[in-house]
Amino acid sequence: MTGEHGAGSQRPAAVMAIKYWKLAVLLAALSMVGPFSIDTFFPSFHAIAADFSLSKWAVQQTLTVYMLPLAIMSLVQGPLSDAVGRRPVILAGLSVYTLASVGCALAPNFTTLLIFRAMQGISAGVGVIVGRAVIRDLFEGPQAQRLLSLVTMLFAFAPAVAPIIGGWLHVTLGWHGVFGFMALFGAVLGISTYATLPETHPKEKRPHLEVAGLARTAWSVVQHREFLVLAVAMGANFAALMSFIGSAPAVVEDHWHLSETQFAYLFIPVIGGLICSAILSGRMAGRFTYAQQSHLGFILAMIGSGLMTLAHALFSAPPILVQQILITVIAFGAQLASPTLSLRMLDLFPLARGSAASVQSCVSIAISALVFGLISPLLSGSMLTLAAGSFAAASIAFGLWHLAQRNRRELQLRANPPL
């Protein structure tokens, strides 16, 4: 590691080519593509349903057809970036995303909209997946954790800003304008990436582009017991928050009785929890172990969702402010565990970080797709059922975390038996 800004011989070639803050802002913007693709058009749900004569469940599938390709492609993008470099994979993904967004904006029927939503899903995850590998290419230990936390803090604005932008675009231009905004966002990001992002993965470190070899590498990641348990734990912890985000139209308009321009009432608590947690995570880097920080995050998510369930069980309509505070706690806990878990999983595969990042994202996205496409529609009938589902997810995550910790201690004892 070389000082504050990097590790190894890659620093002169890559870090010196782009300043630390500029890199953080660019990677954060790239990671915003996913949230913008989901949250921006939440205010348009009812209008899309009305235009195409759809049921609530049917329009919810615009999320499912987006999330499933997103999960599948996350297995491809990371290994592909290991083989051909980070930069070309990101640029190709942004190009496909921009074209798909144009297709969504011009869709004449619901089938066409679903097809182009799937194309968005194929490409939208490239920034966050490859971006993690970029961070790990350049930084190690606490420095990687600090940059990942900084990127997360900047990225956290997306879930709050996206529905606000989407709400005003919808009332001004209709739902077609919302997808037009996504196309513009993708195009601007593509130009910015082409102009500023250096290649961080040198040719001498790249494996040959062999599909069978990449598949074997990804499969070896999947078979790693600690990795898989941690990945599911991380996904389940975020599912405690995603149960509310996936039901945002029901929460904001049906249960809180707010308008389509007031989605910020839900997403500002989310962003508040994510940003505060990212700030704390950066300060904890190097002072607390990965295990200590992750453990605290799981505990807080479980406490927040448990209190939310209790509040709705005792009162038919707890004050919105109380619910917002508890959602903030859940978001805080989910995010606090995220950077340390991500780095721990990536460090299990130092020679295949792109593949590890891909599998990690695939598991998280698959869990989110299950929440958005199936669980949220089933639970969104009341805030009590949503809260109970959130608590169940946080409890499962906490249990899996303890299982991973116990297995790790057992392996350490076997490797270093007491005298």
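The values are calculated or read from the model by the stated rules, or taken from the named source; none is laboratory data. These numbers come from a predicted model, not from an experiment. Quick reminder, even Gly has a Cβ in these numbers, built from the backbone with ideal geometry, and neighbours come from all protein chains shown. Ligands, DNA and RNA are stripped out before the accessible areas are found, and what is left, the full protein with its side chains, is counted by its heavy atoms. Shrake-Rupley method; radii C 1.70, N 1.55, O 1.52, S 1.80 Å.
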Positions within the stretch 96-146 being touching a Phe, Trp or Tyr at 6+ places or on another chain (Cβ under 9 Å) and over 30 Å from residue 45 (Cα atoms), in sequence order: 145, 146
Those helices (runs of 4 or more DSSP H) lying entirely in the stretch 150-242 with at least 2 residues closer than 30 Å to residue 326 by Cα: 157-173
Unmet criterion (only one of (1) under 22 Å from the mean Cα position of the chain (by Cα); (2) over 25 Å from residue 367 (Cα atoms); (3) open to solvent by 50 Å² or more (accessible area, probe 1.4 Å); (4) not basic (Lys, Arg)) for residue 195: (1)
Close pairs (7 angstrom Cβ cut-off, 6 or more residues apart or separate chains): over 15 Å from residue 235 (Cα atoms) in the stretch 289-318, among the hydroxyl-bearing types (Ser, Thr, Tyr) anywhere: 290/340; 293/281; 293/340; 305/390; 308/390
Residue satisfying condition, being under 17 Å from residue 302 (Cβ atoms) and within 14 Å of the chain's Cα centre (by Cα), within set 246, 273, 235: 235
Test: residue 49 is assigned to a helix (DSSP H, G or I) and without any contact (Cβ under 8 Å) to a residue 40 or more places away in the chain: yes
Which listed residue, of 124, 118, is closer than 23 Å to residue 182 by Cβ, small (Gly, Ala, Ser), surrounded by fewer than 21 Cβ atoms within 10 Å (Cβ to Cβ) and at pLDDT 85 or above: 118
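Among the helices (runs of 4 or more DSSP H) contained in the stretch 318-385, which hold 2 or more residues that are open to solvent by less than 20 Å² (accessible area, probe 1.4 Å)?
Here the list reads 320-347, 353-370.
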Failed item in (1) under 23 Å from the mean Cα position of the chain (by Cα); (2) touching a residue at least 40 places away in the same chain (Cβ under 8 Å); (3) surrounded by fewer than 20 Cβ atoms within 10 Å (Cβ to Cβ), with residue 188 passing the rest: (2)
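Return yes or no: is residue 181 under 25 Å from residue 275 (Cα atoms), open to solvent by less than 40 Å² (accessible area, probe 1.4 Å), in contact with a Leu (Cβ under 9 Å, 6 or more places away or on another chain) and among the aromatic types (Phe, Trp, Tyr)? Walk me through it before giving the result.
Working: under 25 Å from residue 275 (Cα atoms): yes; open to solvent by less than 40 Å² (accessible area, probe 1.4 Å): no; in contact with a Leu (Cβ under 9 Å, 6 or more places away or on another chain): yes; among the aromatic types (Phe, Trp, Tyr): yes.
Taking the combined requirement at face value, the residue does not satisfy it.
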